[in-house]
Amino acid sequence: MKKNQQTTPAYQHLAVSRDGHITWITLNRPDKANALSYDHLAEIETSALALRDDSETRVVIFNGNGSHFSSGADLSEPKQDPPLPLIQMRRRARIGERAIEAILGIDQITIAAWHGAAMGGGACIATACDFRVGAHDCFMQYPEIDLGINLMWKSLPLILNLVGPARAKRLVVGGERLTAAQLLQWGILDELVEPQELTIAAKKMADFYASKPPIAAQMIKQSTNQLANALNHAIMHMDSDQNLLSAGTQDRAAAIEAHFSKEPGDYRGN
């Protein structure tokens, strides 16, 4: 442990520590490529909300343990048996939304130190941060469209704000995968470095923003986020309901079959 570094109470799926004015939140399911289960997302929400009472932290760095930042939602998570009532399914489906909103609501400056994959929900976490430093092996993709579902977690406006409508449609409707060079070119990454330099580069950026007057910096961040996301709550409140609807369609079943068979899907609009 580094001098002055403090660890927070243990999480099952996260590693959280503070070094001076910088807190590191590490996605810590390397055996699952940091796939985001319900419990994992709940811990992300809890860790983000805990920062409200932390007056020492000025910058928060999100990173991932293992080969990837995050492979997205954990599709291997078992379904509830017996099935939950629909009213409870709606609430449970919003855990990802709650986690992303908690990250967006962090007062401190946030940085994603991104290596390997940021797929689906992993890309949502990266785009919810204020800045992104990427390694040359990083890439992004929203695979939801090819699984027959919509992008959830109130995250469509986040990528739209970064790249504009046409490119957002290429990513979310087209399901295009972007390389590190493309991520930098499109303005999703703020900095691109060699993999072995990622931690150093993220720490250097964090030190820069931690050196700014924290009250002014945090108020400016909050005002900027409010301006950029003014209509999001009015429009995106129902994306979990859209997911529940699309998940029950015949096209969803066809998409899952196509995904595993590697054959084109037979989509009928039902």
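The values are calculated or read from the model by the stated rules, or taken from the named source; none is laboratory data. If you're wondering where the values come from, they're calculated on a predicted model, not measured in any experiment. Don't worry about glycine lacking a Cβ; one is built from the backbone with ideal geometry, like all the others, and counts go over all protein chains shown.
Sort out which residues of segment 49-66 are among the small types (Gly, Ala, Ser) and touching a strand residue (DSSP E or B) at 6+ places or on another chain (Cβ under 8 Å), and write them in order of number.
First pass over segment 49-66, keeping only residues among the small types (Gly, Ala, Ser): 50, 55, 64, 66.
GLY64 - this is the single residue of segment 49-66 that is among the small types (Gly, Ala, Ser) and touching a strand residue (DSSP E or B) at 6+ places or on another chain (Cβ under 8 Å).
So which pairs qualify, if the first residue must be in segment 232-255 and in contact (Cβ under 8 Å) with a residue 60 or more places away in the chain, the second must be acidic (Asp, Glu) and surrounded by 14 or more Cβ atoms within 10 Å (Cβ to Cβ), the Cβ gap must be under 7 Å, and the two must be at least 6 apart or on different chains?
SER240/GLU97; ALA255/ASP146
Determine which single condition ALA206 fails, assuming it passes every other condition in (1) free of Cβ contacts under 8 Å to residues at least 60 places away in the same chain; (2) in a helix (DSSP H, G or I).
If we test ALA206 against (1) free of Cβ contacts under 8 Å to residues at least 60 places away in the same chain; (2) in a helix (DSSP H, G or I), just (1) comes out false.
All but one of (1) crowded, with 17+ Cβ neighbours inside 10 Å; (2) charged (D, E, K, R); (3) free of Cβ contacts under 8 Å to residues at least 60 places away in the same chain; (4) farther than 27 Å from ASP239 by Cβ hold for GLU56; which doesn't?
Tallying (1) crowded, with 17+ Cβ neighbours inside 10 Å; (2) charged (D, E, K, R); (3) free of Cβ contacts under 8 Å to residues at least 60 places away in the same chain; (4) farther than 27 Å from ASP239 by Cβ, GLU56 fails exactly one: (1).
Considering only segment 135-148, how many residues are buried (at least 24 other Cβ atoms within 10 Å of the Cβ) and over 13 Å from TRP114 (Cβ atoms)?
Of all residues in segment 135-148, those buried (at least 24 other Cβ atoms within 10 Å of the Cβ) come to 138, 140, 142.
Subsequent filtering for residues that are over 13 Å from TRP114 (Cβ atoms) retains 142.
Residues meeting the conditions: 1.
Mind listing just one residue for me: the one in segment 71-106 that is part of a loop (DSSP other than H, G, I, E, B) and of a type in the set (A, V, I, L, M) and, of those, surrounded by the most Cβ atoms within 10 Å (Cβ to Cβ)?
Filtering segment 71-106 down to residues part of a loop (DSSP other than H, G, I, E, B) leaves 71-72, 74-85, 94, 105-106.
Going one step further and asking which of them are of a type in the set (A, V, I, L, M), we end up with 75, 84, 106.
Details: LEU75: 13, LEU84: 13, ILE106: 28.
In this case the residue turns out to be ILE106.
Name every residue in segment 112-153 that is closer than 25 Å to ALA254 by Cα and of a type in the set (Asp, Glu), in order of residue number.
GLU144, ASP146
Is it the case, given these coordinates, that GLN226 is surrounded by fewer than 17 Cβ atoms within 10 Å (Cβ to Cβ) and either farther than 21 Å from TRP114 by Cβ or in contact (Cβ under 8 Å) with a residue 60 or more places away in the chain (or both)? Step through it out loud before you land on a result.
Values: surrounded by fewer than 17 Cβ atoms within 10 Å (Cβ to Cβ): yes; either farther than 21 Å from TRP114 by Cβ or in contact (Cβ under 8 Å) with a residue 60 or more places away in the chain (or both): yes.
It is true that GLN226 is surrounded by fewer than 17 Cβ atoms within 10 Å (Cβ to Cβ) and either farther than 21 Å from TRP114 by Cβ or in contact (Cβ under 8 Å) with a residue 60 or more places away in the chain (or both).
Give me the pairs, please: first residue somewhere in segment 185-198 and farther than 19 Å from MET119 by Cα and part of a loop (DSSP other than H, G, I, E, B), second residue anywhere and of a type in the set (S, T, N, Q) and at pLDDT below 95, beta-carbon distance under 9 Å, and either six or more positions apart or on two chains.
So the pair list comes out empty.
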